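Beneath this line is the structure, given in structure tokens, with notes to follow.
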Amino acid sequence: MSEELVFPTYESIEVRPLINCMGTYTIISGSVILPEVRQAMYEASQRYVHLDELSEGVGRRIGELMQCEWGLVTNGCAAALCQLTAACVAGSDPEKMIRLPDTTGMKNEVLVQANHRHTYDHAVRMVGVRLVEVRDRADLEAKIGPNTAMLLLFGDASDRSEISVGEMADIGHAHGVPSIVDAAAERPDVPNWYLEQGVDAVAYSGGKCLRGPQAGGLVLGRKDLLQAAFLNGAPHHALGRPMKAGKEEVMGILAAVEMWVKRDHEAEWKEWERRLGTIAAAVEKFDSISTSINQPGRSNVAPILGITWDQEKLPISGVEVKCQLSEGELRIEVFASNEGFSVMPYMMQEGDDEKVVERLTEIFSGIV
């Protein structure tokens, strides 16, 4: 008689699950994948396939769905940045590819505006390139040259930059240099705004707003560049070989893209507003608490509920509320400051708003 299969749970290894009121942050595991994605990944896991052929078929289909030239699935957005940089430096030349991160004799400079720098620079720098900061259009045109491999943009900073996305792309094209956008936590809207501005490729996380596999990324853009990026990654023996997107992640991302163009995004927004309304109505019953709805920027695109109060009347700080929410039997994670805290409904699941209300009611009732 065979033993019954027992699957491990988070609780069985003493790990505490949480209610996500922060957004699509990797440290708290991004998003919960869609049921359709889960099924696609399960189906993909049942059979073998040639990964070169899979990339070709999926790339074509993503291009059709997203109304762009091509699509590429990677092992996350950081992996996409690395593979795209490698493609800009070494192309599909096997001799150059195998030498990376030694870029001797190759184009090895990436130009970037100072306010577009962030922690994920490392995904670009690991290819062996040097990041060169530019201040404005004149500075960019002075510094772009024969050693320039790529222009790097961080989508979240594009609205507060000296050089616009379109200007970066135009200058790049004039010198035969690709422009690449990191838009990890943004919406991959159709048609794609960045591609309309002329950039050559834009990279997204697959496990954020798409609600695909957390170990997946999505790149949209120029077919030849994306195919070169694929050659610089797994399953090929190049710099990106450790960044493996298996057949399950590839088909999971495709399913997430299929769903993205079908999902009722307006209804999702209304549901987020409803959840925030439920929470706001509950906490406003306590003396001096006030709430506000703040609109998002380019990333984590959902309304945000801000909650503040007079701490002479309610003697507890926002950070203390955050700690109590996190340390309770029902673990809830929020952003906080001394003045208050915020609730982001983007990745909350059905019924989470009632659970948040119950816990906040306990906390505030305990101090009045």
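The values are calculated or read from the model by the stated rules, or taken from the named source; none is laboratory data. Just so we're clear, the structure is a prediction, and the values are computed from it rather than from any experiment. Glycine also receives a Cβ, built like all others from the backbone with ideal geometry; neighbour counts cover every protein chain displayed. Surface areas here come from the heavy atoms of the whole protein model, side chains and all, with no ligands, DNA or RNA. Shrake-Rupley method; radii C 1.70, N 1.55, O 1.52, S 1.80 Å.
When Thr119, Thr148 are screened for being open to solvent by 70 Å² or more (accessible area, probe 1.4 Å), among the polar types (S, T, N, Q) and either at pLDDT below 95 or touching a Gly at 6+ places or on another chain (Cβ under 9 Å) (or both), only Thr119 passes. Residues in segment 191-225 that are surrounded by fewer than 24 Cβ atoms within 10 Å (Cβ to Cβ) and without any contact (Cβ under 8 Å) to a residue 40 or more places away in the chain were compared, and the one that is farthest from Lys262 (Cα to Cα) is Asp224.
Looking at Pro242, Pro315, just one residue is loosely packed, with under 15 Cβ neighbours inside 10 Å and more than 21 Å from the chain's Cα centre (by Cα), and that residue is Pro315. Hey, can you tell me all the residues within segment 45-71 that are open to solvent by less than 50 Å² (accessible area, probe 1.4 Å) and in contact with a helix residue (DSSP H, G or I) (Cβ under 8 Å, 6 or more places away or on another chain)? Listed by number, the residues that qualify are Leu54, Ser55, Val58, Gly59, Ile62, Gly63, Leu65, Met66, Cys68, Trp70, Gly71.
Close Cβ contacts (under 7 Å, 6 or more residues apart or on different chains) running from residues in segment 296-317 that are more than 18 Å from Ala282 (Cα to Cα) to residues that are of a type in the set (Lys, Arg) comprise Val301/Arg187.
Residue count for segment 92-107 under the criterion of being in contact (Cβ under 8 Å) with a residue 24 or more places away in the chain and buried (at least 18 other Cβ atoms within 10 Å of the Cβ): the result is 5. Only residues that are open to solvent by 20 Å² or more (accessible area, probe 1.4 Å) and outside any helix (DSSP H, G or I) were counted in segment 318-330, giving 2.
Residues checked against (1) modelled with pLDDT of 95 or more; (2) farther than 30 Å from Phe154 by Cβ; (3) in contact with a helix residue (DSSP H, G or I) (Cβ under 8 Å, 6 or more places away or on another chain):
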site	(1), (2), (3)
Ile307	yes, no, yes
Leu325	yes, yes, yes
Glu350	yes, yes, no
Lys355	yes, yes, no
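Taken over segment 331-348, residues that are within 11 Å of Leu305 (Cα to Cα), outside any strand (DSSP E or B) and over 18 Å from the mean Cα position of the chain (by Cα) amount to 1. Of all residues in segment 283-314, which are under 21 Å from Asn338 (Cα atoms) and not in a loop (DSSP other than H, G, I, E, B)? Selection gives Val283, Ser290, Thr291, Ser292, Ile293, Asn294, Ile304, Leu305, Gly306, Ile307, Thr308.
Screening Trp260 on (1) surrounded by 19 or more Cβ atoms within 10 Å (Cβ to Cβ); (2) out of contact with any Cys (no Cβ under 9 Å at 6 or more places or on another chain) shows it passes everything except condition (2). Among the conditions (1) surrounded by fewer than 21 Cβ atoms within 10 Å (Cβ to Cβ); (2) farther than 30 Å from Ala44 by Cα; (3) without any contact (Cβ under 8 Å) to a residue 40 or more places away in the chain, Asp159 misses just one, which is (3).
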